[in-house]
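Right, one structure below, let's go through it.
The values are calculated or read from the model by the stated rules, or taken from the named source; none is laboratory data. Keep in mind that what you see is a predicted model, and the values were worked out from it rather than measured. Heads up, the Cβs are rebuilt from the backbone with ideal geometry, glycines too, and the neighbour counts pull from every protein chain shown.
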Amino acid sequence: MPRIREIEEPGHDPTLKETFAREQELFGFVLNPTKIQAHTPGIMKAAKQLSMAVERSGLVPAQLLALVYLRVALINGCPF
């Protein structure tokens, strides 16, 4: 059981509605980190923008970035 309750529905917040809809379209579900970060939509949006900036910058090669994501998932016990 998570220590922080996940937000399952975006409610009336436009930032959450947009993010939840985008992830639902891309992945078929809303990612767990998004459900946790949804408690503070502004921080959630900024964190996602930071992640995208790192990916788009090209400063970290795509192959290395994929390995970083895999390592973080393993550390966190993520099943995928």
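Please pick out the residue among 16, 74 that is surrounded by 12 or more Cβ atoms within 10 Å (Cβ to Cβ) and at pLDDT 90 or above.
On the way: 74 fails: surrounded by 12 or more Cβ atoms within 10 Å (Cβ to Cβ).
Going through 16, 74 in turn, the sole match is 16.
How many residues are surrounded by 10 or more Cβ atoms within 10 Å (Cβ to Cβ) and part of a helix (DSSP H, G or I) if we restrict to the stretch 52-63?
Within the stretch 52-63, residues that are surrounded by 10 or more Cβ atoms within 10 Å (Cβ to Cβ) and part of a helix (DSSP H, G or I) number 4.
Please identify the pairs in which a residue from the stretch 3-31 that is closer than 13 Å to residue 41 by Cβ has its Cβ atom under 7 Å from the Cβ atom of a residue that is part of a loop (DSSP other than H, G, I, E, B), counting only partners at least 6 apart or on another chain.
Qualifying pairs under 7 Å: 7/38; 7/39; 16/10; 16/38; 17/10; 20/10; 20/30.
Can you find, within the stretch 28-45, the residue that is surrounded by the fewest Cβ atoms within 10 Å (Cβ to Cβ) among those that are over 11 Å from the mean Cα position of the chain (by Cα) and in a helix (DSSP H, G or I)?
Only one residue fits best here, namely 42.
Report yes if residue 66 is at pLDDT 95 or above, out of contact with any helix residue (DSSP H, G or I) (no Cβ under 8 Å at 6 or more places or on another chain) and of a type in the set (A, V, I, L, M), otherwise no.
no
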